[in-house]
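What follows is a set of notes on a single structure, which appears directly below.
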């Protein structure tokens, strides 16, 4: 009669050693990183990692290996936290009110200017309007505008110069 496999794997020597030396590992990390919370979290993570992916062979000095694994995991966690703090947390060096919201008066002025600009663009001659929209609105390079419209680069430059002059002229009439 064959014996059924046990639902629980046999105790792994490294995990057994971690259980026996759990508090010692926590104290080791607490002294090195001066953070009791970090120490417990890292040792717990090391335990979970060993249970999920047990090592292929036994260690000659399990406590030394566990210290190295725990230390490396703590360093990785500290580096990741520093990186997160650098990129995610708000920057202290930004001055207060660096980007103030426009007030109602500024919003009304902006809408008024946009309306004048829209009217100015509508009143431009057809070619000038097309060149202006392709270059300034759709951000196509001048050479691409010339190619698409079948005109020379100098013609594009001239249309843009005149269109910008129209915009400046009508912006001043507000």
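The values are calculated or read from the model by the stated rules, or taken from the named source; none is laboratory data. Treat the numbers as computed from the prediction; the structure is a model and nothing was measured. Note that each Cβ is placed from the backbone with ideal geometry, even for glycine, and that neighbours are counted across all protein chains shown.
Overview of results
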item: Residue tally, condition assigned to a helix (DSSP H, G or I) and either surrounded by 10 or more Cβ atoms within 10 Å (Cβ to Cβ) or at pLDDT 85 or above (or both), over segment 49-81; result: 23
item: Residue 151 being in a loop (DSSP other than H, G, I, E, B) and out of contact with any strand residue (DSSP E or B) (no Cβ under 7 Å at 6 or more places or on another chain); result: yes
item: Subset of segment 134-148 [in a loop (DSSP other than H, G, I, E, B) and in contact (Cβ under 8 Å) with a residue 24 or more places away in the chain]; result: none
